[in-house]
1. Could you name the lysines in cross-link range of residue 367, using Cα to Cα under 21 Å and dropping any fewer than eight places away on the same chain?
2. For 367, 159, 266, write out the residues from largest to smallest accessible area, computed with a 1.4 angstrom probe and no ligands counted.
3. In segment 9-93, if the dipole is taken from +1 on Lys/Arg beta carbons and -1 on Asp/Glu beta carbons about the Cα centre, which of 47, 63, 10 is farthest to the positive end?
4. If you average the C-alpha positions of segment 337-351 and of segment 39-85 separately, how far apart do those two centres end up, in angstrom?
5. So, for segment 83-216, what is the accessible surface per residue at a probe of 1.4 Å, expressed in square angstrom?
6. Can you give me the % of accessible surface on segment 103-196 that is carbon or sulfur? Probe 1.4 Å, all protein chains present, nothing else counted.
7. Using Cα-Cα distances under 8 Å and only pairs 6 or more residues apart, what relative contact order does segment 44-86 have, in percent?
8. Amide H neighbours of residue 200 under 5 Å, counting only residues 5+ apart in sequence or on other chains, H built in-plane at 1.01 Å?
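The values are calculated or read from the model by the stated rules, or taken from the named source; none is laboratory data. For clarity, every value in this text was computed on a predicted model and none was experimentally measured. Counting neighbours? That spans all protein chains shown, and the Cβs are built from the backbone with ideal geometry, glycine included. Side chains are part of the model used for accessible areas, which takes the heavy atoms of the whole protein and leaves out ligands, DNA and RNA. Shrake-Rupley method; radii C 1.70, N 1.55, O 1.52, S 1.80 Å.
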Amino acid sequence: MAGIVLVGAQWGDEGKGKITDLLADDMDYVVRFQGGNNAGHTIIHGGRTLKLHLIPSGIMYPHITPVIGNGVVIDPKVLLEEIDELEADGLTTRRLLISCNAHLIMPYHRDLDGASEKLLGGNEIGTTRRGIGPAYQDKASRLGLRVQDLTDEKIFRAKLEVALSEKNAVLSKIHGLPTYTVDEITEEYMGYAERIRPHIADTSVIINKALGADQWVFFEGAQGTLLDLDHGTYPFVTSSSPTAGGACTGAGVGPKRIDRVLGIAKAYITRVGSGPFPTELHDEVGALLTRVGGEFGTTTGRQRRCGWYDGVIVRYAVQVNGLTDLVITKLDVLSELDTIKVCTAYEYEGRPHRDLPCHQTSFHHAKPIYEELPGWREDITQCRTFDDLPKNARDYISFIEDLAEVPVSIIAVGPSREQTIMRRWEPRP
Ligand code: GDP
Ligand code: IMO
Ligand code: MG
């Protein structure tokens, strides 16, 4: 049995798409377990660049079954567009399985996402405005429609009627927005239903059977630990559980099925959207990281905020996810720097702390305590083993490892699949 989870250890965009693609050779299944099309996972494979939002990275391998688990929220319009794009690119999406229990993003969810952000004004979260928050809100308040409802128009209509009685009032009375009729949404969604139907399955049963038969299942996280609804920088978070526990609830497997939990972090750190960010850089180093790292959002194109590697955050991610390994990406981006800072602790409430503060106000006021390390100033994009790296780059990785108290098992030194150093990953026998 091999259940392997990959989660973002920072605020997302750590390179989950690349690493999932890289490890896909060894897997039988790649499962998305939370989030929706707020995610943007980039894969560079065989000279082509794919940007996936809903479909699991692994789609291009004929031996893999890609699965969208129950914990994901699905915008069927976006899903079908993504399927069409992949098919036009010569890839088959026939094997894709979609959980019957996954919730649907409805047109009013997209409207309400934008409207709520507008209402928040200066306090906005900076969401992707894809309707993610409102869809999870309806799931929790038991007003949501699910993928299985697409298979029965009568049930779909009945549930939509209940939802719209509330949603239309909110849209018109609170936000002054146009309302929807049951007929128009039903017509639109029944149009999608036909194409989605062949993919619908009881995915939890299928994944558990696979694990029971010693197949390898890779649970591909979206977003990152600090965007987790419970463990992130609330309220500046997403509305799902991108931490490792989310893989269990979002795919329908027990915790004992998970053998390895990989946490992925950039060799620095970025964030999109609002919220506290202790190591954020507003100077020329920040500008360099943005430029060299190409730090613009895969989903919204927004410029990502950049900062020094935050060891407090990654140590926190080790703890809340039970990480067994770290994957460090974008080490090559630091090659232009003479010296590199790493945050080892925060100062708040008048003294140093090694742990993330529980209280939001303390996190807002946390001042990073840095250790400055020498840079290497040479091209590392061709390095393929740890020993190929310059000494200062090896020392940087060792420093991160000591701080996190978890081994750095994989190091990425460029965006393509080959630009990777495998330190502790034994290919499947
Ligand atoms: P994800 O959301 O975690 O899958 O990450 P994104 O795809 O949104 O953003 C990561 C970006 O970094 C993508 O453009 C990747 O192609 C790129 N990338 C991944 N690993 C590396 C690396 O080691 N070096 C460089 N220079 N780019 C990388
Ligand atoms: P991947 O999977 C980075 C951020 C948004 C916003 C907050 C809430 O590519 O790493 P939402 O639309 O989810 O309600 O927005 O979360 N966010 C991401 N940031 N990477 C992502 O996904 C993100 N998905 C959401 O910018 O701050
Ligand atoms: Mg991304």
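1. Within reach: 266, 341.
2. In descending accessible area the options line up as 367, 159, 266.
3. Final value for the positive-end residue is 10.
4. Measuring centre to centre over Cα atoms gives 37 Å.
5. The answer is 51 Å² per residue.
6. Roughly 51 percent of what the probe reaches on segment 103-196 is carbon or sulfur.
7. Relative contact order of segment 44-86: 35 percent.
8. Under 5 Å from the amide H of residue 200: 98.
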